[in-house]
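Below is one structure, written out as structure tokens; the observations come after it.
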Amino acid sequence: MKLILLGAPGAGKGTQAEILSGLYSIPIIGTGNIIREAIRSGSSEGEEFKSYTDKGLLVPDELVCRMVAERLKKDDCKKGFILDGFPRNINQAEEFSKMVDSVDAVLNFVVTDEDVIKRMTGRRVCASCGAPYHLESKPPKTEGICDICSDRLIQRKDDAPETVLERLRVYHTETEPLSDYYREKGICIEIDAVGSVEEITNKAKAALEKLL
Ligand code: AMP
């Protein structure tokens, strides 16, 4: 099964990608995660990525498309994959269509801007292991401390309020048109992404079962 997850930043794509990956035994290709790993590694490519992500801007298409094309060559992608965070604009979608023959479904997770702002500005991650938390929906056992490795929790620079607004602006201008692009191809399914994680997974599963 080849799936694309669309939706605003903070719509819960990453969480649903993890769950669907377990359910259907297919890997996640998460461009945001790959980019963050490169930044953490301190490589020169990572430094370049950081200059975009810190401002809430997209990393240039050419770099991201090359990264995805390389990842798709790996054996574990043969029986399918879940794309989380890619494609992010029409140009990336066109480039992606040259990399694979077809996609089974595009799940578009729909949330309001207000929800996005609430979800993203409350997010915290562990400075060492990257484990995700949320001040309201998933607080750590001890305030400010990672449950797993006891290091301190930080706010990702791109989750700071002013950057979240910029990411939303970029989402509306660059990424949102992709839902029409894939709707015209008859493979886009809208998922109302308000509710508990489990409720949203059930909606996604029900939609996929109908389609496949
Ligand atoms: P995400 O975790 O998917 O919201 O991604 C975090 C940041 O990584 C984004 O704000 C972008 O700067 C960058 N990024 C992730 N995926 C892409 C992509 N497909 N194209 C360009 N930039 C991306």
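The values are calculated or read from the model by the stated rules, or taken from the named source; none is laboratory data. No experiment lies behind these values; they were computed from the predicted model shown. Heads up, the Cβs are rebuilt from the backbone with ideal geometry, glycines too, and the neighbour counts pull from every protein chain shown. In case anyone asks, the SASA skips ligands and DNA or RNA and just uses the protein heavy atoms, side chains included. Shrake-Rupley method; radii C 1.70, N 1.55, O 1.52, S 1.80 Å.
Okay, which of segment 76-99 sit inside 18 Å, backbone N to the point 7 Å along the Cα-Cβ direction of Ser137?
84-85
Assuming R0 = 25 Å, what is the FRET efficiency of Ser44 and Ala69, from their Cβ-Cβ distance, to the nearest 0.05?
0.80
Take Asp101, Asp75, Asp115 and sort them by solvent-accessible surface of the protein heavy atoms, 1.4 Å probe, largest at the top.
Descending order: Asp101, Asp75, Asp115.
Please report the equivalent ellipsoid semi-axes of the chain, computed as sqrt(5 x eigenvalue) of the Cα gyration tensor, largest first, in whole Å.
So the equivalent ellipsoid measures 26, 21, 18 Å along its semi-axes.
Once fully extended, how much extra length lies between Ile154 and Asp76, figured as 0.36 nm per residue of separation less the alpha-carbon to alpha-carbon distance?
Contour length minus the Cα-Cα distance gives 24.8 nm.
Residue by residue through segment 150-164, which ³J(HN,Hα) values in whole Hz follow from phi under the Karplus form 6.51 cos²θ - 1.76 cosθ + 1.60 (θ = phi - 60°), with glycine and proline marked x?
Each residue of segment 150-164 in turn: 6, 7, 7, 8, 10, 9, 4, 4, 7, 9, 5, x, 5, 6, 4 Hz.
Treat each spin label as a single point 7 Å out from the Cα along the C-beta direction, and report the Glu162 to Ser97 distance in nm.
My value for the distance between the label points is 3.9 nm.
Give me the extension gain from Asn202 to Asp147: residue separation times 0.36 nm, minus the current Cα-Cα distance, reported in nm with one decimal.
In short, 17.0 nm is gained.
So what does log10 I(q)/I(0) come out to for segment 101-161 at q = 0.12, 0.17, 0.19 Å⁻¹, using the Debye formula with one equal point on every Cα and no solvent?
-0.39, -0.63, -0.71
May I ask you to give the solvent-accessible area per residue for segment 112-183, in square angstrom, as obtained with a 1.4 angstrom probe?
For segment 112-183, the per-residue accessible area is 59 Å².
In terms of Cα to Cα distance under 15 Å, which aspartates and glutamates are near enough to Lys185, apart from those fewer than 8 places away along the same chain?
The qualifying aspartates and glutamates are Glu94, Asp101, Asp104.
Of Lys50/Lys157; Lys13/Lys141; Lys2/Lys74; Lys73/Lys205; Lys2/Lys73; Lys50/Lys141, which sit over 20 Å apart, Cα to Cα?
Lys13/Lys141; Lys73/Lys205; Lys50/Lys141
For segment 132-212, just say rounded, prolate or oblate: build the C-alpha gyration tensor, square-root its eigenvalues into a ≥ b ≥ c, call rounded for a/c under 1.5, and beyond that prolate if a/b exceeds b/c, oblate if not.
Oblate shape, in that a/c is at least 1.5 and b/c is the bigger or equal ratio.
Largest first and in whole Å, give the semi-axes of segment 75-129's equivalent ellipsoid, each being the square root of 5 times a Cα gyration tensor eigenvalue.
28, 17, 11
Under a 10 Å cutoff between Cα atoms, tell me which one of Cys146, Cys188, Cys129 has the largest fluctuation in the Gaussian network model of the chain.
Between Cys146, Cys188, Cys129, it is Cys129 that shows the largest mean-square fluctuation.
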